[in-house]
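J.: A single structure is presented below for examination.
The values are calculated or read from the model by the stated rules, or taken from the named source; none is laboratory data. This structure is a prediction, so every number in the text was calculated from the model and none was measured. When we count neighbours, we look across all protein chains shown, and the Cβ atoms used for this are built from the backbone with ideal geometry, even at glycine.
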Amino acid sequence: MTTKVKTLYLSRFNMPTMCAACHSPNGYGKGLKVSSSKSNWSGKETATLTVELPLCEECAKVNVVSGTGKFLKALGFIGVIAACLLIAGLNATDAIKNPLVSIVSGAVLITAIIIGTNKLVNEVDMKGFTPEQRERRKKVQKCAKIQSFKLPGVFDNQSFVVFEFQDPLFAMEFSTLNMGTIV
Ligand SMILES: [Zn+2]
């Protein structure tokens, strides 16, 4: 179940002293980064809000991305660029007659590369994990997100951030500490 917490857009959020994923009491400052980006009305400027939530040692341990994982992610990124070049190249040589075919096949190819890379990275990072640790990693990865936010405007001073937490205890504590409301 998801608990939504709405707060003002604060420059600094007060963090509960518990783990965001399993509400173990020994959550500490460094942990899970959640972020959200949005463009302004002209699309020229993008604001990004990043908040670091506390994790306990167990949860922090299963959430690391290994060196190999980072390397694979980089490879996946190169793969996406290569796929774009390939499709563009095929288009230029008239190998594909229908432009729609190349757009659709390009999109499918790129999506497959991204999904494949993410799966592979997860598998590599979870090598040697016990089933309990695999479950925990899943829990950590979806325990919190920023649903939406609004910066204080020029004409109105209204700002807000809406968080989504999977753990109701953490959500309540976070809400209290930051003068938020459960929505
Ligand atoms: Zn934890």
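J.: Determine whether the stretch 169-181 contains at least one residue that is of a type in the set (A, V, I, L, M, F, W, C), in the same structural domain as Thr48 (by TED's automatic domain parsing) and free of Cβ contacts under 8 Å to residues at least 12 places away in the same chain.
T.: No: the stretch 169-181 contains no residue that is of a type in the set (A, V, I, L, M, F, W, C), in the same structural domain as Thr48 (by TED's automatic domain parsing) and free of Cβ contacts under 8 Å to residues at least 12 places away in the same chain.
J.: I've got another one for you. I'd like the full set of residues that are in contact (Cβ under 8 Å) with a residue 60 or more places away in the chain and closer than 23 Å to Phe129 by Cα, limited to the stretch 1-52.
T.: Once the filter is applied, which keeps residues that are in contact (Cβ under 8 Å) with a residue 60 or more places away in the chain and closer than 23 Å to Phe129 by Cα, the stretch 1-52 yields Cys19, Ala20, Ala21, Cys22, His23, Leu32.
J.: Still on this structure, I have one more. Exactly one condition in (1) surrounded by 13 or more Cβ atoms within 10 Å (Cβ to Cβ); (2) within 22 Å of Leu72 (Cβ to Cβ) is false for Lys150; which is it?
T.: Condition (2) is where Lys150 drops out.
J.: Go through (1) surrounded by fewer than 11 Cβ atoms within 10 Å (Cβ to Cβ); (2) more than 16 Å from Val161 (Cα to Cα) and name the single condition Arg12 misses.
T.: (2)
J.: Go over the candidates Glu52, Glu58, Glu45 one by one and state the one that is under 16 Å from Lys145 (Cα atoms) and either in the same structural domain as Cys143 (by TED's automatic domain parsing) or surrounded by 12 or more Cβ atoms within 10 Å (Cβ to Cβ) (or both).
T.: Glu52
J.: What strands (runs of 3 or more DSSP E), lying completely within the stretch 1-112, carry at least 1 residues that are within 16 Å of the ligand (Cβ to nearest atom)?
T.: By residue number, 28-39, 46-55.
J.: Test Lys138 against the stated conditions and say whether it is surrounded by 11 or more Cβ atoms within 10 Å (Cβ to Cβ), among the basic types (Lys, Arg) and either part of a helix (DSSP H, G or I) or in contact with a Lys or Arg (Cβ under 6 Å, 6 or more places away or on another chain) (or both).
T.: Taking the combined requirement at face value, the residue satisfies it.
J.: Here's a check for you: in the stretch 141-165, which residue that is under 15 Å from the mean Cα position of the chain (by Cα) and in a loop (DSSP other than H, G, I, E, B) is modelled with the lowest pLDDT?
T.: Lys142
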